[in-house]
Amino acid sequence: MITQRGFVVVFAGVLLLTSGFSFVNFYLVLLGVYLVIGLVVTLPLFALTANLAGIEVDRQIDKVKLFSGDFIRVRVTIRNTSRRHFDFIEVHDQYPETWILAIGENFIASRIEPGSSMTFSYILQARMRGRYYLGPTEVIMRDRLGLHFYKRILKEQTEVLVYPTWKDVRRMDALGKQRQLGLMFGAHRTKTVGMGSDFAGFREYSPGDEFRLIDWKVSAKRGDMVIRQYEMEKNVQIIVMVDSSGSMGNGYPENTKLEYAIRAAVLLTHMGLERKDIVGTCVFSDMVHGYIPPGARPNHMYSVLEILAMAEPTGWSDYETAIAHVVQQSKKRSLIIWMTDLEESPAPLLNAMKTLVANGHKALVISPFGPWFEAPVGQFGPVEKVLAEAVSEELWERRNKIARALSRFGINVINVGPEDFLPVIIRAYEEAKQRGVATF
Amino acid sequence: MAYLVYFLLDVNDFWHWEAPYTFVVTVFRLLSLLVFILTTTMISGLVGAFAGGAMPSDLIVGLYNTLVLRTWYMQPYGVSGPMINVTEVWVSFQTNLMEVLSALWDNTFLFLYFLLAGVGIALFLQSIIRMEHKFVGGAFLSIQGIVIIAAFRSLIVPDLNPFPPDFMAFLLMSAQILALVSFAYLEVSYQMIYSYSVGKPVEDREETLKKQLLALRQATRKQDAIERGEKVSITGMSRTTGATAFSFLREAIERKVVGTQDALENLDAISDVRRLQIYVDELFNTDSKVKDELTAKAAAPSSSYVIGSTITGSAIRFLTVVSISFILMSPGIVSTLLNLPVGIQGSVELFQPEIVLLFLVPVVLLFPFIAMVISWFSRREVIEKEKLTKEEKEAVKERKKDQARRKREADKARKNRAKERKKRDADETEVDDWDKALEETFKR
């Protein structure tokens, strides 16, 4: 392949040759011949040495799973396994478009001797959750004069799974450390008398009570049999239903309804695990993409993060399939928090709620309102503004109807925007804790 | 090269140093004639339209005297004072115009020689400072452009006519020396640029890393100072510390500056910068090789080897090119190789420059063909395949399988539900609370 520089030489050669022919001048012809021959003379030798099959590229990364916003070091080693040197080799290691190159450079250009290797590294910041691939690596070899080149793309890719951002959790922890009592503070554990270790009070003995619970000293004082009561620690079981239908992906890439729903699910799971509650997560659209049953295993958080990382806004919302799956898997009474934009037909939603209530679960709908997440009205012209407002009103009316229908059965629908999505989810969790909804 | 061109073309005696001045003056003379004709046309038109008469002759004569004769000293031969007659003016105008155009044609070439020489020398100086191919190529073409234009003007230019049959005689011809020097200039410059550029990326990398780390350190310190409540200019920070040297920090700073109203956004920007600093510090503490890898120091080639190989490479290329070119251009070799009849051997066509094409085209095409064959063979080894380990392949397969199963199950469940609903609708006439709610809310 001839480079741009090579084409300039061709042009100059042809210009001199044609000038020589036109003006019957051997000097110009000779110079033209020099240039043209100079361009091609080393081409066979270059083709012989530029056997890019002798180049091996090895990419190493610190970790294969990381949080959105985390940094990762990528080490690239280029080995020349052939018996020939490469005069000028350029290696470009590609990384996902949305990521940011934080430190270093993702390419190198140098000369490489036979049997030797060179290593370079760079630091990237992973942005936006999902499954990403580092690579492929583009290797370009040029001749000494830069007139010819060969290109090879090494397709080895390194898979990296980027979890949703952890910044909300970090922020919450930071606020907690500063004792700025935020929304999550003031939660109270549901107090239920029963088996436990914290003393709750006394009551009169009734037949059937265990003898070991009798407080003999107090009984002697009162002259009547009295037993000690203990506070039973009750925890709530929550299942977060994250709708990943196509409409949830509308808006700016990092500010879609789905992204907020995922951030909310991460925050809720973290809070639940901190307080010994159990939180499960289901990601669904027209099928169940992933379901992690409520649990408190040490790696439960990572299982949740994994299914949330891979959620993509596609398909439509099949609430009935999702709830059928969850109800089948989870028999215990749970508080089911739906995070959906309610942009599907209401009948399947009501059917899903019917199934849910029939199985003894409680439900709450946290619904991101589309227009609040999409283009700000301020950016529109007058006509677009009016149209946007009309659409917005219609959508609002529609969801109000759904909310009214659901409220008959004690299911609340909370409309949220980007600002109050996370506070609302925290508040809902606190209320559930305080009211003892779906305790186990 | 420039001197040789000057020296070889000096026999034409066209290096008149006033050429640029003459050219500029001629251009202005032509312009003044054009202004004169435009002005008279416009004034005539206006006079005709508004006064209904012809433009006074005095005005035309006056204009000619002022714009042409007095300003540019274009007095016709034999006329000493200003013009007084309009007929004289038009005759003089025509003569002047023809003279100026002819002078301009001559001067343009003269001017071009100087212009190309100037541009060539300027580009040569640029190529020394910047070490870029475009300047080298530009300088070469500019200087050779002088010869091409001189050849076009049928001046005495360097030539090798008749083409010498002896290689030594060929090497020692003055035109050949110019050609060799010109080609050697290109070759050596390109080789020098290679030597320079092969080590440059590693140097640049080291420099960039230094700047990035310094900018990061300073940005973190400023952030700390801001948090401590000290007064620090944020915009000053980005400019003075070179923090804009890399995109990450630039973006972080932009988020900090732009998002002043959003406190959380600020927190993120600050935390990103600080976290990067912590990450980098940790890397430097745990891995001693990290700096060398980030700068790719080990990748820098040995300078002595590069210089040595540059000299030998240039010499081999140079000799090969000269030898092949001599063979291609020698009519004697051509006729011997082709075993041509005597009539053709003595024909005048054989001594024309175009005869070069007879060998040049096939030989020139032969080299890329050989290269193509070689690369075709070697490329067979470079058939790229997605390289996945067995586990990765299994995982991908499993994922796809699982996805398909879920989809199947969902479809099946949907169908079952629809069937049951149909059956229930047929069996039951009673509507439950949920259906009522749905109906009441949505069906009016």
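The values are calculated or read from the model by the stated rules, or taken from the named source; none is laboratory data. On a predicted model such as this, the values are computed, not experimentally measured, just so you know. Every residue, glycine as well, gets a Cβ built from its backbone with ideal geometry; the counts of neighbours run over all protein chains shown.
Considering A:Gly251, A:Gly295, the condition of being away from chain B (no Cβ under 14 Å), modelled with pLDDT under 90 and touching a Phe, Trp or Tyr at 6+ places or on another chain (Cβ under 8 Å) is satisfied by A:Gly251 alone. Residues in region B:316-340 that are loosely packed, with under 12 Cβ neighbours inside 10 Å and within 25 Å of B:Ser197 (Cα to Cα): B:Leu319 only.
Among the residues of region A:410-434, those identified as more than 11 Å from chain B (Cβ to nearest Cβ), in a helix (DSSP H, G or I) and touching a residue at least 24 places away in the same chain (Cβ under 8 Å) are A:Phe421, A:Pro423, A:Val424, A:Ile425, A:Ile426, A:Arg427, A:Ala428, A:Tyr429, A:Glu430, A:Ala432, A:Lys433, A:Gln434.
The rows are residues; the columns are (1) assigned to a helix (DSSP H, G or I); (2) of a type in the set (Lys, Arg); (3) at pLDDT 90 or above.
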{"residue": "A:Ser206", "(1), (2), (3)": "no, no, no"}
{"residue": "A:Glu231", "(1), (2), (3)": "no, no, no"}
{"residue": "A:Glu259", "(1), (2), (3)": "yes, no, yes"}
{"residue": "A:Arg263", "(1), (2), (3)": "yes, yes, yes"}
{"residue": "A:Val279", "(1), (2), (3)": "no, no, yes"}
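Just to verify a result, which residue in region B:189-232, among those that are among the β-branched types (Val, Ile, Thr) and within 11 Å of chain A (Cβ to nearest Cβ), is nearest to the chain's Cα centre (by Cα)? Going through the qualifying residues, I end up with B:Ile193.
For (1) in a helix (DSSP H, G or I); (2) more than 7 Å from chain B (Cβ to nearest Cβ); (3) farther than 22 Å from B:Leu180 by Cα, each residue gets a yes or a no:
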position	(1), (2), (3)
A:Arg5	yes, no, no
A:Phe11	yes, yes, no
A:Val14	yes, yes, no
A:Ser19	yes, no, no
A:Val24	no, no, no
A:Leu28	yes, no, no
A:Leu39	yes, yes, no
A:Leu45	yes, yes, yes
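Give A:Arg127, A:Arg111, A:Arg83 a once-over and let me know the one that is out of contact with any Leu (no Cβ under 7 Å at 6 or more places or on another chain), surrounded by 19 or more Cβ atoms within 10 Å (Cβ to Cβ) and either more than 11 Å from every other protein chain (Cβ to nearest Cβ) or not in a strand (DSSP E or B) (or both). Sole residue among the options that is out of contact with any Leu (no Cβ under 7 Å at 6 or more places or on another chain), surrounded by 19 or more Cβ atoms within 10 Å (Cβ to Cβ) and either more than 11 Å from every other protein chain (Cβ to nearest Cβ) or not in a strand (DSSP E or B) (or both): A:Arg127. Within region A:373-400, residues that are more than 25 Å from A:Leu422 (Cα to Cα) reach partners that are modelled with pLDDT of 80 or more and surrounded by 13 or more Cβ atoms within 10 Å (Cβ to Cβ) with beta carbons closer than 8 Å, at six or more positions or on different chains, in the pairs A:Phe380/A:Ala388; A:Ala388/A:Pro371; A:Val391/A:Pro371.
Taking the numbered list (1) within 11 Å of chain B (Cβ to nearest Cβ); (2) buried (at least 22 other Cβ atoms within 10 Å of the Cβ); (3) of a type in the set (Asp, Glu) in turn, A:Asp93 passes all entries but (1). Against the list (1) surrounded by fewer than 17 Cβ atoms within 10 Å (Cβ to Cβ); (2) more than 29 Å from B:Phe163 (Cα to Cα), the condition A:Phe7 fails is (2). Selection of region A:11-36 for residues being surrounded by fewer than 24 Cβ atoms within 10 Å (Cβ to Cβ), modelled with pLDDT under 90 and of a type outside the set (Ser, Thr, Tyr) yields A:Leu17, A:Phe21, A:Phe23, A:Val24. Among the residues of region B:147-164, not a single one is more than 10 Å from chain A (Cβ to nearest Cβ), part of a loop (DSSP other than H, G, I, E, B) and of a type in the set (Asp, Glu). Taking region A:247-276 as the range and being surrounded by 20 or more Cβ atoms within 10 Å (Cβ to Cβ), more than 16 Å from A:Arg171 (Cα to Cα) and of a type in the set (Lys, Arg) as the test, only A:Lys257 passes.
Only one entry of B:Asp287, B:Asp268, B:Asp272, B:Asp292 meets the criterion of being surrounded by 13 or more Cβ atoms within 10 Å (Cβ to Cβ) and either modelled with pLDDT under 75 or away from chain A (no Cβ under 11 Å) (or both), and that entry is B:Asp268. All of (1) within 18 Å of A:Arg404 (Cα to Cα); (2) modelled with pLDDT under 90 hold for A:Gly378 with one exception: (1). For B:Leu365, the requirement of being modelled with pLDDT of 80 or more and at the interface with another protein chain (Cβ under 8 Å from one of its Cβ atoms) is not met.
Filtering region B:124-144 to residues that are surrounded by fewer than 22 Cβ atoms within 10 Å (Cβ to Cβ), assigned to a helix (DSSP H, G or I) and more than 9 Å from every other protein chain (Cβ to nearest Cβ) leaves B:Phe124, B:Leu125, B:Gln126, B:Ile128, B:Ile129, B:Arg130, B:Phe135, B:Gly138, B:Ser142. Per the listing A:Glu430, A:Glu374, A:Glu419, A:Glu397, the residue uniquely closer than 20 Å to A:Met339 by Cα, surrounded by fewer than 13 Cβ atoms within 10 Å (Cβ to Cβ) and under 26 Å from the mean Cα position of the chain (by Cα) is A:Glu419.
Which helices (runs of 4 or more DSSP H) sit wholly inside region A:305-409 and have at least 1 residues that are within 14 Å of another protein chain (Cβ to nearest Cβ) and in contact with a Cys (Cβ under 6 Å, 6 or more places away or on another chain)? Because the criterion is at least 1 residues that are within 14 Å of another protein chain (Cβ to nearest Cβ) and in contact with a Cys (Cβ under 6 Å, 6 or more places away or on another chain), the helices (runs of 4 or more DSSP H) in region A:305-409 that meet it are A:319-329. In a residue-by-residue description of region A:280-300, the property of being closer than 18 Å to A:Asp173 by Cβ and not assigned by TED's automatic domain parsing to the domain that holds A:Lys65 applies to no position.
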